[in-house]
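See structure below.
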Amino acid sequence: MPPQIYSPFETYNFSDNTCFLSGETLNSIDEQIPVFPIWMMSRFDLENKPFKLLDETMATYKDLRLPCSVNVNDNYLEPLEAEIADAFDKGYEAVKELDELKLFQWAGKLLYGIIFNEIQAGIRQQRAQGEEFNISKSIIHKFSNLHLMLQSINLPIIFEDFKPFSLFLYKVDNAGDIFGYRDEINTLTFSLRIKDFGLIICMQDNAANQHYHRELLEKIEGQRLHPIQFEELSARIFYSAYLFNRLPEYNILPVSDQIYIEAMPLRGISSKPLFDDWLNKTYGQVLENFWKNWGFLLFEIIKDPENPMSFLFSADGNFVNAGAIELPR
């Protein structure tokens, strides 16, 4: 008999008495894990730094926690965490050798942990106002699919001839103490810039963003990036994730003691492209936000509306070597 998939969004079960990943009833509310792993909070001194939730309330990094059974944590999450921590500590070359699925699982667990805390805060807030908890069906669809994919951590789930994500990993000439974290939960997009690398993952696109940016990616393959170049790449990918206009659908096929997940074609019955039109002014606004550390403003970025400012490529479209960029790291 195949193992059972847990679906918290069917019953809106976000209780601290239930394991977030397996649905097991917990023996104690002390069965919790931090959303941001202890090794990361310690290494980058994050524990007491502020973390703003969507309802504008402030928490600290260490306040964000997930209910998790001892069984799931000891047998699945801790081994994954140890492998990721070891690779991250060694840097880009070790991270490059990791299985992409493990990077997705690790980052997806972190992003889902933030979502879980956001939902709990939303439920508390709306109940205090005497209202039913309400969230859009399209967002629930995305969150539910992410949770389904995360169960590949603790269940024998096989992705049938597809990967549910786009992953971008580059060597980056970072300052030694940098902790550059960013997420967008509406599009399930994640980026992390630490040590000597930068990582971006679109969690729910069936590799569509990787295909969308294929010409750009060919030009920068194997290149070391200046931090401003990595942030430009991040801006492009975060913006294209926003333009991605499909909600992926999946067939779940239990076979013997395994669970196969099959992706339905993204095009479906719609004839419209997978991505909405790219607008340079909107992209420029995104890029301005990603370039805050360097102080570039929108009017500079889109001075030529047809050719927004770029540190990745020269005017003739060639890659700019990181060593030629004279800006702070």
**Q.** Among Q223, Q210, Q126: highest mean-square fluctuation, GNM of the chain, C-alpha pairs under 10 Å
**A.** Q126
(Q) Just the number: Rg to Rh for segment 145-263, Cα atoms, Kirkwood Rh, two decimals. (A) 1.03
Q | Stretchable slack from K292 to N48, in nm (0.36 nm times residue separation minus alpha-carbon distance) | A | 85.5 nm
Q. With every protein chain in place, what's the accessible area of H147 (1.4 Å probe, Å², nearest 10)?
A. 0 Å²
Q: Arrange the residues V72, V286 by how much accessible surface each exposes, largest first, with a 1.4 angstrom probe.
A: V286, V72
(Q) Under 30 Å between alpha carbons, and skipping anything fewer than 8 positions from K163 in its own chain: which lysines qualify? (A) K90, K96, K102, K109, K137, K142, K171, K195, K219, K272
Q.
How large is the accessible surface of K90 in square angstrom, using a 1.4 angstrom probe and rounding to the nearest 10?
A. 140 Å²
Q) If you compute percent of Cα pairs over 33 Å apart for the structure shown, which of [x] 35; [y] 22; [z] 29 do you land on? A) [z]
**Q.** Accessible area, probe 1.4 Å, largest first, for residues S7, S256
**A.** S256, S7
Q) Under the Karplus relation 6.51 cos²θ - 1.76 cosθ + 1.60, θ = phi - 60°, what is the ordered set of whole-Hz ³J(HN,Hα) values for segment 173-183, x standing for Gly and Pro? A) 7, 7, 5, x, 9, 5, 10, x, 10, 8, 9
Q. For segment 152-231, which GluC sites (Glu not before Pro) are both in a DSSP coil and crowded by at most 14 other Cβ atoms within 10 Å?
A. E160, E221
Q | Theoretical gain in end-to-end length, E326 to L279 [0.36 nm per residue, Cα-Cα removed] | A | 14.1 nm
**Q.** Estimated inter-spin distance, N245 and R124, nm [label 7 Å along Cα→Cβ]
**A.** 3.9 nm
Q) In 5 Å bins starting at 0, how do the alpha-carbon pair distances of segment 1-89 split up by percent? A) 3, 13, 18, 19, 21, 16, 8, 2, 1, 0
Q) In debye, nearest 20: dipole of the chain around its Cα centre with unit charges on the Cβ of K, R (+) and D, E (-)? A) 520 debye
Q | F244 long-range amide H proximity, modeled H, under 5 Å | A | D276
Q | Fully extended contour minus Cα-Cα distance, from S15 to S310, at 0.36 nm per residue | A | 101.6 nm
Q) How big is the gap, in Å, between the Cα center of segment 277-293 and the Cα center of segment 104-138? A) 27 Å
Q.
Just to check I understand the Karplus step: with θ = phi - 60° and J = 6.51 cos²θ - 1.76 cosθ + 1.60, what whole-Hz values come out for segment 30-37, glycine and proline as x?
A. 7, 6, 9, 10, x, 5, 8, x
Q: Keeping every protein chain in place, order L101, L66 by accessible area at 1.4 Å, biggest value first, i.e. largest first.
A: L101, L66
Q) Going through segment 243-329, which chymotrypsin sites (Phe, Trp or Tyr not before Pro) have at most 15 other Cβ atoms within 10 Å and a DSSP loop state? A) W278
Q. What residues have an amide H closer than 5 Å to that of C68, excluding those fewer than 5 places away on the same chain, when H is modeled at 1.01 Å from N in the peptide plane?
A. F20, Q32, I33
Q. Chymotrypsin sites (Phe, Trp or Tyr not before Pro) within segment 1-70: which are DSSP loop residues with at most 15 other Cβ atoms inside 10 Å?
A. Y12
Q: Name the long-range amide H neighbours of A207: under 5 Å, sequence gap of 5 or more, or other chain; modelled H, no Pro or chain starts.
A: F165, S166
Q) Can you work out ³J(HN,Hα) from phi for every residue in segment 202-219, in order, using Karplus 6.51 cos²θ - 1.76 cosθ + 1.60 and θ = phi - 60°, giving whole Hz and x for Gly and Pro? A) 9, 6, 9, 10, 6, 6, 5, 5, 4, 5, 4, 9, 4, 5, 4, 5, 4, 5
**Q.** Principal axis dimensions, segment 137-204 - Cα atoms, whole angstrom, descending
**A.** 39, 27, 20
Q. With every protein chain present, what accessible area does S270 have (1.4 Å probe, heavy atoms only), rounded to the nearest 10 Å²?
A. 50 Å²
**Q.** Computed [θ] at 222 nm, deg cm²/dmol, the chain (DSSP H ≥ 4; -39,500 (n - 2.57); rounded to nearest 500)
**A.** -10500 deg cm²/dmol
**Q.** Sum of side-chain charges, E83 neighbourhood, beta-carbon under 12 Å (Lys, Arg +1; Asp, Glu -1)
**A.** -4
Q) What is the local net charge at T187, summed over the other residues whose Cβ is closer than 11 Å to its Cβ (Lys, Arg +1; Asp, Glu -1)? A) -2
Q) Counting every Cα pair in segment 107-162, what percent are over 15 Å apart? A) 59 percent
Q: First select every other residue whose beta carbon is under 11 angstrom from the beta carbon of L98; then total the charges, Lys and Arg +1, Asp and Glu -1.
A: -3
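The values are calculated or read from the model by the stated rules, or taken from the named source; none is laboratory data. Quick caveat: nothing in here was measured; it's all calculated off a predicted structure. Cβ: placed from backbone, ideal geometry, glycine included. Neighbour counts: every protein chain shown. Quick note on the areas: whole protein, heavy atoms, side chains included, nothing else; ligands and nucleic acids left out. Shrake-Rupley method; radii C 1.70, N 1.55, O 1.52, S 1.80 Å.
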